[in-house]
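Presented below is the structure to which this report refers.
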Amino acid sequence: MIVEHETDRVLAQILPWLSEHLEHELTVDGISEQARVSRRTLTRHFRSHTGMAPLQWVLSQRVHRAQRPLETEDDGHERRTDRDAVRDGNRSERESGGEPADSGAA
């Protein structure tokens, strides 16, 4: 059984470091070295606290970080989706007599 305060200590030490190094190539070995615990101990604490393995958590944080700029607008305008851009591009091509952009025509 994992002692809760031990998990808190290990994760309190490593989570801020991980958050600051998400853009780097991370491995379980490297993370466990930074936390000064074994691979097995690190994985056990991560699973106990987050429900994920260490690299799953890293990936989830990278995705979350990447989504933030997409969810916020600096100019106050609604962001257009790729689908909207393709649809508008196809409409523009049809109106000009050309082929739709996604028709595969060469």
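Read-outs: derived from the displayed coordinates by stated rules, not from any lab. A quick note: this is a predicted structure, and the numbers were derived from the prediction, not measured. Note that we place each Cβ from the backbone using ideal geometry, even for glycine, and neighbour counts take in every protein chain shown.
Values as computed for the structure displayed
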{"read-out": "Cβ-derived FRET efficiency at R0 25 Å, Val63 paired with Thr41, nearest 0.05", "value": "0.45"}
{"read-out": "Full-stretch length increase - Met52, Glu33 - with 0.36 nm per residue and alpha-carbon distance subtracted", "value": "5.0 nm"}
{"read-out": "Qualifying trypsin sites (Lys or Arg not before Pro) for the stretch 5-62 [loop in DSSP, other Cβ within 10 Å: at most 11]", "value": "Arg36"}
